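**Student:** Attaching a single structure in structure tokens format; questions to follow.
The values are calculated or read from the model by the stated rules, or taken from the named source; none is laboratory data. No experiment lies behind these values; they were computed from the predicted model shown. With ideal geometry, Cβ positions are generated from the backbone for all residues, glycine too; neighbour counts draw on all protein chains shown.
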Amino acid sequence: MGNIILTGDRPTGKLHLGHLVGSLRERVKLQDLGNYDEMYIEIADAQATTDNFGNIQKVKDNIIEVALDYLSCGIDPNKCTIFLQSEVPELSDLTFYYMNLVTVARLQRNPTVKQEIIYRDFNNTIPVGFMTYPISQAADITAFDANIIPVGDDQLPMIEQTREIVRSFNRLYGDTLVEPKAVLPQNEACHRLPGTDGQAKMSKSIGNCIYISDSREEVKKKVMSMYTDPNHIKIEDPGKTEGNPVFIYLEAFAEEKHFLEYFKNKETGEVEYKNLDELKAHYERGGLGDMKVKKFLFYVLDTTLEPIREKRKELENNIPEVYQILFDGSDKARKKAQDTLKKVKKAIGLDYRNDQELIQSTIEKYRNNNRQSEN
Ligand code: TRP
């Protein structure tokens, strides 16, 4: 069996820097390595309805935002099938059969879902659809025989649950589904980028995100007002780099070339800080001001985001083409999901049209019955 890569995002907002380092960059890397047979990226609009059923417009509007983010970051539709979940109804069929393999108690233990319930204030009003979305995510993954799932660490419980469903299914109905594996980014700082305010997570509602599509001015404003070490008051004070979002962002984004360019003295050719370790050491020792570090971070982010912004502008002038990419991808994805659904129904035994044995044995059953009653 070859390698099939699949990931997805809920289209509930524009993607931010956490998505860029946590998943988009990984996807582009995998895509360009080419060490796979098929690669899929799902825009999980159906999953997004499970907590936005009263605001479908938001989901609809963000499909294109997410697609623009993908394409401008370097996802190549010729190498990678981008599709819309709602365009592949076979996924709901699969979900329905997988539901029988999962207990309510198991769903209630899913730590990511638990967190989300608290965060959304669902209390006693948890929609069944929301509670069961991890099962639908198992359908997303198994429909494509995907074995490699590049995700952030908040998605690990979903992959674990998918693996359990695959094992239960295969045990009950014979070897049919492929067990997937999550792949996390190698750089630790990329696993979860904190918000600009130092909170653990970037969140649209808190307003502590830098978006991939933010303008240069927006990025600058957000970087300059970033939370740092609150005890680093005077420049001479020793500062903390651990847990300091400015340094975590540098960890995630700064490359050697950024240091060599930015800190190079034009006259002497000397480089003030050659790498992050040297910059950190000075900050920790004292004598390095927040402003200087933030200006460098802005330079790093701006250098990273500028080509993405340009690409996005181009795409924004070609919106019909972007929709077409999604529709073509959805058609292709649907064919594959149809094949899997056939395989799954056959394995379960719900394949009446092709089940000659069933028809034959039914014929015989009635023949015998009628013969007996004639006697
Ligand atoms: N739950 C994921 C998120 O919130 C989105 C998603 C849907 C997904 N289906 C998937 C991720 C399949 C990986 C694989 O971001």
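**Student:** If we scan region 126-137, do we find a residue that is farther than 15 Å from Thr50 by Cα and either in the same structural domain as Asp328 (by TED's automatic domain parsing) or surrounded by 17 or more Cβ atoms within 10 Å (Cβ to Cβ) (or both)?
**Tutor:** No, because not a single residue in region 126-137 is farther than 15 Å from Thr50 by Cα and either in the same structural domain as Asp328 (by TED's automatic domain parsing) or surrounded by 17 or more Cβ atoms within 10 Å (Cβ to Cβ) (or both).
**Student:** So which residues in region 184-198 are within 16 Å of the chain's Cα centre (by Cα) and surrounded by 16 or more Cβ atoms within 10 Å (Cβ to Cβ), if there are any at all?
**Tutor:** Leu184, Pro185, Cys190, His191, Arg192, Leu193
**Student:** Can you pull out every residue in region 316-333 that is surrounded by fewer than 18 Cβ atoms within 10 Å (Cβ to Cβ) and assigned to a helix (DSSP H, G or I)? First the steps, then the outcome.
**Tutor:** So in region 316-333, the residues surrounded by fewer than 18 Cβ atoms within 10 Å (Cβ to Cβ) come out as 316-321, 323-324, 327-328, 331-332.
Selection gives Glu316, Ile319, Pro320, Glu321, Tyr323, Gln324, Phe327, Asp328, Asp331, Lys332.
**Student:** Select from region 27-44 the residues that are within 12 Å of the ligand (Cβ to nearest atom) and outside any strand (DSSP E or B) and write down the one among them that is farthest from Arg192 (Cα to Cα).
**Tutor:** Across region 27-44, the extreme among qualifying residues is Ala44.
**Student:** What's the number of the only condition in (1) surrounded by fewer than 22 Cβ atoms within 10 Å (Cβ to Cβ); (2) more than 16 Å from the ligand (Cβ to nearest atom) that Ser72 fails to meet?
**Tutor:** Here Ser72 clears every test but (1).
**Student:** If you check every pair at least six apart or on different chains, which have Cβ atoms under 8 Å apart with a residue in region 65-88 that is closer than 16 Å to Glu306 by Cα first and a residue that is of a type in the set (S, T, N, Q) second?
**Tutor:** Partner pairs satisfying both residue conditions: Leu68/Ser213; Asp69/Ser213; Ser72/Ser213; Gly74/Gln31.
**Student:** Is it the case, given these coordinates, that Ser205 is surrounded by fewer than 20 Cβ atoms within 10 Å (Cβ to Cβ), in contact (Cβ under 8 Å) with a residue 12 or more places away in the chain and over 21 Å from Val88 (Cα atoms)?
**Tutor:** no
**Student:** Between residues in region 130-141 that are farther than 16 Å from Gln108 by Cβ and residues that are within 9 Å of the ligand (Cβ to nearest atom) and acidic (Asp, Glu), which pairs lie under 9 Å by C-beta distance while being six or more apart or on different chains?
**Tutor:** Pairs found: Asp140/Glu42.
**Student:** Give region 152-169 a look and list any residue that's of a type outside the set (Ser, Thr, Tyr), within 12 Å of the ligand (Cβ to nearest atom) and assigned to a helix (DSSP H, G or I), or say none. Break it down into steps so the answer makes sense when it comes.
**Tutor:** Of all residues in region 152-169, those of a type outside the set (Ser, Thr, Tyr) come to 152-161, 163-167, 169.
Narrowing further to those that are within 12 Å of the ligand (Cβ to nearest atom): 152-159, 161.
Listed by number, the residues that qualify are Asp153, Asp154, Gln155, Leu156, Pro157, Met158, Ile159, Gln161.
**Student:** Given the residues Ile141, Ile63, Ile149, which is the only one that is within 12 Å of the ligand (Cβ to nearest atom), buried (at least 18 other Cβ atoms within 10 Å of the Cβ) and assigned to a helix (DSSP H, G or I)?
**Tutor:** That would be Ile141, the only listed residue that is within 12 Å of the ligand (Cβ to nearest atom), buried (at least 18 other Cβ atoms within 10 Å of the Cβ) and assigned to a helix (DSSP H, G or I).
**Student:** Across region 116-138, which residue is nearest to the chain's Cα centre (by Cα) among those that are farther than 23 Å from Thr340 by Cα and within 12 Å of the ligand (Cβ to nearest atom)?
**Tutor:** Residues of region 116-138 that are farther than 23 Å from Thr340 by Cα, as a first pass: 116-128, 130-131.
Checking which are within 12 Å of the ligand (Cβ to nearest atom) leaves us with 116, 130.
Details: Glu116: 16, Phe130: 17 Å.
Checked region 116-138; the qualifying residue nearest to the chain's Cα centre (by Cα) is Glu116.
**Student:** Under 8 Å between Cβ atoms, which residue pairs at least 6 apart in sequence (or on different chains) link something in region 263-286 that is on the phi > 0 side of the Ramachandran plot with a partner that is of a type in the set (A, V, I, L, M)?
**Tutor:** Final answer for the pair search is Gly286/Ile235.
**Student:** Oh, and also: Check Gly174 against each of (1) closer than 26 Å to Ala252 by Cα; (2) over 19 Å from the mean Cα position of the chain (by Cα) and name the one condition it does not meet.
**Tutor:** Exception for Gly174: condition (1).
**Student:** Shifting gears a bit: Within region 225-247, track down each residue that is surrounded by 18 or more Cβ atoms within 10 Å (Cβ to Cβ) and either modelled with pLDDT under 95 or in a loop (DSSP other than H, G, I, E, B) (or both).
**Tutor:** Filtering region 225-247 down to residues surrounded by 18 or more Cβ atoms within 10 Å (Cβ to Cβ) leaves 226, 228-229, 232, 239, 241, 244-247.
Passing the criteria: Met226, Thr228, Asp229, His232, Gly239, Thr241, Asn244.
**Student:** Please go through region 101-121 and give me each residue that is surrounded by 12 or more Cβ atoms within 10 Å (Cβ to Cβ) and farther than 23 Å from Ala200 by Cα, ordered by number.
**Tutor:** Listed by number, the residues that qualify are Leu101, Val102, Arg106, Leu107, Gln108.
**Student:** Here is a list: Leu24, Leu20, Leu6, Leu15. Which entry is more than 28 Å from Thr196 (Cβ to Cβ) and crowded, with 20+ Cβ neighbours inside 10 Å?
**Tutor:** So the residue among Leu24, Leu20, Leu6, Leu15 that is more than 28 Å from Thr196 (Cβ to Cβ) and crowded, with 20+ Cβ neighbours inside 10 Å is Leu6.
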